[in-house]
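One structure is given below, encoded as structure tokens.
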């Protein structure tokens, strides 16, 4: 199926410094992609180019086959910036109504009520933004990004201000969006959250794509740990295929096995290895 978001040889320079150095990346329909990288790696720049807020220095981005920044591409996108500020005097319902007018949505009160329910803010429809906690404002921000039923949702650090309950709400929301075939690009530093919800991750460092794939595919075996009556032994580098042979050999040597565990690298291990030695 055609990509919802496609970056081709994407480059961006600011005063001679490369923020993006030739990124090739695709996100498919209904896919939830986690975009990872150190501060200054180029994640937000890529997101802003996809929104049409920043012009590339070379290459380009297409949204549903149309150039980023064009009216059809903009109409297909919902966006929540990392640093955002809504008018404090607006209620949640008034803010969504404003964004409906801005994007030309005809969803009316029904759409606003559905979005507030999605982010579990139904009871706060009449609450002013200035009286909301940071977490409530963050969830309201996600709701405004969904006004007009966008095909592509770009979220820049959407869970950074949320407590565990708020993160659970956002995870459930992302799973619901996947069921609705909405494509999501999630820019986040919270690796545990990305690992829980994302179909695929892309790691950027120094403006380059340094690792890409499903979280499970990026992980590698670290070894097989066997607990016997004599203690714990680690067979480094061994994977699940070698585990039966290791156990059989130990039993043949007279060992009594209490526990066998195949150790795998985590997404955090993969991330740290990918960005080690790079600036950020």
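Values in this text are rule-based calculations from the coordinates and carry no lab data. Computed from a predicted model, the values in this text were never measured in an experiment. For neighbour counting, all protein chains shown are included, and Cβ atoms are generated from backbone atoms with ideal geometry for every residue, glycine included.
The table below gives the values:
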{"quantity": "Theoretical gain in end-to-end length, residue 220 to residue 266 [0.36 nm per residue, Cα-Cα removed]", "calculated": "15.7 nm"}
{"quantity": "For the stretch 161-225 versus the stretch 122-141, the gap between their alpha-carbon centres in whole angstrom", "calculated": "25"}
{"quantity": "The stretch 16-140: relative contact order in percent, alpha carbon pairs under 8 Å with at least 6 residues between", "calculated": "17"}
{"quantity": "Relative contact order of the stretch 221-264, defined on C-alpha pairs under 8 angstrom at six or more residues apart (%)", "calculated": "53"}
{"quantity": "Burial ranking of peptide ranges 57-63, 181-187 (average Cβ count within 10 Å, highest at the top)", "calculated": "181-187, 57-63"}
{"quantity": "Fewest-first sequence of 234, 174, 5 by Cβ atoms within 10 Å of each Cβ", "calculated": "234, 174, 5"}
{"quantity": "Evaluated over the stretch 102-221, the Cα radius of gyration and Dmax, each in Å", "calculated": "15.8, 52"}
{"quantity": "Tensor-based shape of the stretch 9-145 (alpha-carbon gyration tensor, a/c under 1.5 rounded, otherwise prolate or oblate)", "calculated": "prolate"}
{"quantity": "Rounded, prolate or oblate (a/c below 1.5 giving rounded, otherwise prolate when a/b exceeds b/c) for the stretch 24-85 by Cα gyration tensor", "calculated": "rounded"}
{"quantity": "Shape category assigned to the chain from the gyration tensor of Cα positions, a/c cut at 1.5", "calculated": "prolate"}
{"quantity": "Least to most buried among 117, 157 (fewest other Cβ within 10 Å first)", "calculated": "117, 157"}
{"quantity": "Among 248, 145, 172, residue whose mean-square fluctuation peaks in a GNM of the chain (springs only between Cα atoms under 10 Å)", "calculated": "248"}
